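Peer 1: Mind having a look at this structure? Questions to follow.
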């Protein structure tokens, strides 16, 4: 790629099960020209998210084949034909998975700069990942001080942010599940989980009973499947299930249905609710106010797995699907600060 060319990542075929590099192509094209009222952005950071896998299927709103993929990104305005977008300005937008993007003012969000907060945080704890955890705890679960919490996929971006935020909110005991012994150790030593287990080591219900023998009040579920069934059974009276994702099914369309005692929903007065974080974007400034001071003080750390170089974005995505990441998966342009 030269200085007057751009790269995009395109999906070339629908996967069945786990995608492979053959499902993607890097496509070179001339550097796009901004039209009046728009600006050219050179991307610096890209968000790699589990929901991208779901959009690879032939579903409403999914990715089109042989077209640039979309996703969250942070970039710098390098050429502007719009007074509201100044050259040199850093912006957040959703035209990721490409080195350059042409954006209009209503397609970007300007990023406030806080002392001591790296740009990558705007895609992790200050971005959609952090907002998902924050909304799940404060708006859906309405977590109360002292309540106990179980989180599935606890070592992922949402899972690590959930535990760190729950600590700030005064949660009681926090238990998580993850996919390796190393991740379990990280959760208890670094993230703030009181206990964690590797779901490969045996039935989730049995391991959850050992880690949380007295049950818990809130279950933030990123996985579905066996985790969802076990979590519902272990909830206390008036417990809440916050459904964030179903990663256990993204690569396994033949996954068995969730099994649990449906009477528990009524007899324990349980509540199960899902949400889409895009419906809560008005809480972005509230998230900044909640998290930034603790980032600056060091009470909240960044859980990120960063790949350097846009040419590694597919590799980072596939690695995340196979559990290679701890925390949020991010790709950083070579030379970006």
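Peer 1: If you average the alpha carbon positions of segment 101-180 and of segment 194-211, how far apart do those two centres end up, in angstrom?
Peer 2: One Cα centre to the other: 23 Å.
Peer 1: Moving to a separate point now. Go ahead and estimate [θ] at 222 nm for the chain from helices alone: -39,500 (n - 2.57) per DSSP H run with n ≥ 4, summed, over the residue count, rounded to 500.
Peer 2: Numbers: 10 runs with 81 residues, N = 337.
So the calculated ellipticity at 222 nm is -6500 deg cm²/dmol.
Peer 1: Explain nothing, just the number: relative contact order of the chain, from Cα pairs under 8 Å at least 6 residues apart, as a whole percent. Could you put the intermediate results ahead of the total?
Peer 2: Numbers: 702 pairs, mean separation 57.3, N = 337.
In percent, rounded to a whole number, it is 17.
Peer 1: Using a/c under 1.5 as the rounded threshold, could you call segment 128-278 rounded, prolate or oblate? The axes a ≥ b ≥ c are square roots of the C-alpha gyration tensor eigenvalues, and prolate needs a/b larger than b/c, oblate otherwise.
Peer 2: Details: a/c = 1.18, a/b = 1.05, b/c = 1.13.
Rounded, since a/c falls under 1.5.
Peer 1: Sorting check: for 42-48, 182-188, which peptide has the highest mean count of neighbouring beta carbons within 10 Å, and how do the rest follow? Don't jump to the answer; show the numbers that get you there.
Peer 2: Values: 42-48: 23.4, 182-188: 19.1.
By packing density, highest mean first, the sequence is 42-48, 182-188.
Peer 1: Hey, another quick one. Would segment 45-198 count as rounded, prolate or oblate if I go by the C-alpha gyration tensor, calling it rounded below 1.5 in a/c and otherwise prolate when a/b exceeds b/c, oblate otherwise?
Peer 2: Verdict is prolate for segment 45-198.
Peer 1: Cβ neighbours within 10 Å, averaged per peptide: list 242-248, 119-125 in order, most packed at the top. Provide the component values of the computation, followed by the final result.
Peer 2: Numbers: 242-248: 22.4, 119-125: 24.9.
Top to bottom by mean Cβ count within 10 Å: 119-125, 242-248.
Peer 1: Once you order the gyration tensor axes a ≥ b ≥ c over the Cα atoms, which shape class does segment 270-337 get: rounded for a/c under 1.5, otherwise prolate or oblate by comparing a/b with b/c?
Peer 2: Values: a/c = 2.01, a/b = 1.33, b/c = 1.52.
It comes out oblate by the Cα gyration axes.
Peer 1: Continuing with the same structure: Which order do the peptides 131-143, 88-100, 294-306, 276-288 take when ranked by the mean count of other beta-carbon atoms within 10 Å per residue, highest first? Don't skip to the end; give the middle numbers.
Peer 2: Working: 131-143: 22.0, 88-100: 20.5, 294-306: 16.6, 276-288: 13.9.
Per-residue mean Cβ counts within 10 Å order the peptides as 131-143, 88-100, 294-306, 276-288.
Read the figures in this text as sums done on the coordinates, not as results from a lab. Predicted model, so just to flag it, every value in this text is computed and none were measured. Cβ atoms come from the backbone with ideal geometry, glycine included; neighbour counts cover every protein chain shown.
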